[in-house]
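Take a look at the structure below.
The values are calculated or read from the model by the stated rules, or taken from the named source; none is laboratory data. Owing to the predicted nature of the structure, the values given are computational and were not obtained by experimental measurement. Reconstructed Cβ throughout: ideal geometry from the backbone, glycine too, with neighbour counts over all protein chains shown.
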Amino acid sequence: MAQVLCQLPKTYDENLIVGIETSDDAAVYKINEDTAIIQTVDFFTPVVDDPYTFGQIAATNSLSDVYAMGGEPKLAMNIICFPTCLPPQIMADILKGGYDKVNEAKAILIGGHTVEDDEPKYGLSVSGFIHPDKVLTNCNAKVGDKLILTKPIGIGIINTAIKAQMVDEETYNKAVKIMTTLNKYAKDAMLKADANSCTDITGFGLLGHALEMAEGSNVTIKLYSEKIPVLSQALEYAKMGLVPGGAYSNMSFIGDKVSFDNRITQEMKDILYDPQTSGGLLISVDANKVELLMKELEGNATQYGIVGEVLEKQQKYIIVE
């Protein structure tokens, strides 16, 4: 996508705080001295069979971009593609799932747009608000910062196993809980800790989004593989080869910018490249405020941990040890 967008003419506006230049999670436009609008859009094909659950997951994922910028979503519009061969009730259930998550976010769902398609797709266009001076981007990580991840990784591998009907009920329920947990609560925690930088972990995997932060901040990010929260079942499925194609695409695209310790197993590498659906926030925060952030995350995150640190720029942007 970045290779396509770079071919477009650049748009300059003194009120455009965040555009496409930094690969950030959303655009931010200053309205006045006290208010800026955050704008984002996202939608995808079903990752689970239950339409209501799919609606919840897709909406949670769409809302996440606003939270990653430090803002509060206020308005959302449905984007849905739907085949005429399916019962209309399925569409209704998808939309109800989305509505319930938007409502939990204390935002307002105000309609949307539907097109006929061969395969269902659903998501949201979301508008949020933030003070112009409090925008969090993915390009402001500071040397000495600690990195906190607020959800476990491995969801893409679990979703691949779900499609293969190889997942037990406990694993399925755990994955659904992770994908339907709003990043609102992690966002509230990081604001109290005055985080320096943030991004949410989605299709480019932990390594891809960490790389965007490292490149944008002109630093090197060191990740501690043993401290990264990982769904244990994902390790088992990765050993079996149930790895989504997106993980290999991520590996091919950014692999030359990552340095791995020799002890890192192939299945762990697969999980680090694994594309996430509705993943957590990767937060860069001053080392002196880590304890505060971790305390604020108690009870407000599915699984979280200090997963790395920010170093002076080295030969590689990402080091995994």
Scanning segment 105-129 for residues that are touching a residue at least 40 places away in the same chain (Cβ under 8 Å) and either among the hydrophobic types (A, V, I, L, M, F, W, C) or not in a loop (DSSP other than H, G, I, E, B) (or both) gives ALA105, ALA107, LYS121, TYR122, GLY123, LEU124, SER125, VAL126, SER127, GLY128, PHE129
Per the filter on segment 92-119, residues surrounded by fewer than 19 Cβ atoms within 10 Å (Cβ to Cβ) and closer than 18 Å to THR45 by Cα are ALA92, ASP93, LYS96, TYR99, GLY112, HIS113, THR114, VAL115, GLU116, ASP117, ASP118, GLU119
The number of residues in segment 243-270 that are surrounded by 18 or more Cβ atoms within 10 Å (Cβ to Cβ) and touching a strand residue (DSSP E or B) at 6+ places or on another chain (Cβ under 6 Å) is 2
Taking segment 282-306 and the residues there that are farther than 12 Å from ASP145 by Cα and assigned to a loop (DSSP other than H, G, I, E, B), the one that is modelled with the lowest pLDDT would be ALA301
Filter segment 211-230 for residues that are out of contact with any Asp or Glu (no Cβ under 9 Å at 6 or more places or on another chain) and β-branched (Val, Ile, Thr); the one that is surrounded by the fewest Cβ atoms within 10 Å (Cβ to Cβ) is ILE228
Picking from VAL66, VAL47, VAL18, VAL41, the residue that is touching a helix residue (DSSP H, G or I) at 6+ places or on another chain (Cβ under 8 Å) and buried (at least 17 other Cβ atoms within 10 Å of the Cβ) would be VAL47
Can you find a residue that is assigned by TED's automatic domain parsing to the domain that holds GLY305, of a type in the set (Ser, Thr, Tyr) and at pLDDT 95 or above anywhere in segment 190-198? yes
Taking segment 264-298 and keeping only residues that are small (Gly, Ala, Ser) and more than 20 Å from the chain's Cα centre (by Cα), one is left with ALA287
If you go through VAL41, VAL102, the only one that is within 30 Å of ALA161 (Cα to Cα), outside the structural domain of LYS177 (by TED's automatic domain parsing) and assigned to a strand (DSSP E or B) is VAL41
